[in-house]
Amino acid sequence: MTCPGPQALEPDTFWALIEGTAPVDGDTRALVDALVRGGAGAVLRFQERLALLLWRLDGPAYAGADEEGYLSPDRFLYRRSHVVSRGRTCYETYLAEPRPIPMESARTCCSRRARPCSGWRAGRT
């Protein structure tokens, strides 16, 4: 007999957390504090939603070589995580138009200061 895993956090709730607690200079304390206030169940549901979103970006269409001609599994995870951290619009743009996720492209294309993913189309980095 298997025990069912935790349910994933509702998408709107997940994205509200991501977009409402945007890291400042890499500081994620606001997100951690929000999750802690929700208790262990909220943390597990957040983890489940994040795993699902990362899994959807886990494929050859989103990979690609780095500057040295190789992309390690860790770097690929970091790039996918970066896309999620930029918010729902950025994430959904990558899903709608799959292509390799170069770190510089993810930073500029999905800047929260500019219109998300403006001007970004397949074939441009």
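Working note: Karplus 6.51/-1.76/1.60 with θ = phi - 60° gives region 27-40 the couplings 7, 9, 4, 4, 5, 4, 4, 5, 5, 4, 4, x, x, 4 Hz, where Gly and Pro are set to x.
Each label was represented as a point 7 Å from its Cα along the Cα-to-Cβ direction; for W55 and H82 these points are 2.5 nm apart.
Only the coordinates and a few stated rules stand behind these numbers; no lab work does. On a predicted model such as this, the values are computed, not experimentally measured, just so you know. Please note: Cβ atoms are built from the backbone with ideal geometry, for glycine as well, and neighbour counts cover all protein chains shown.
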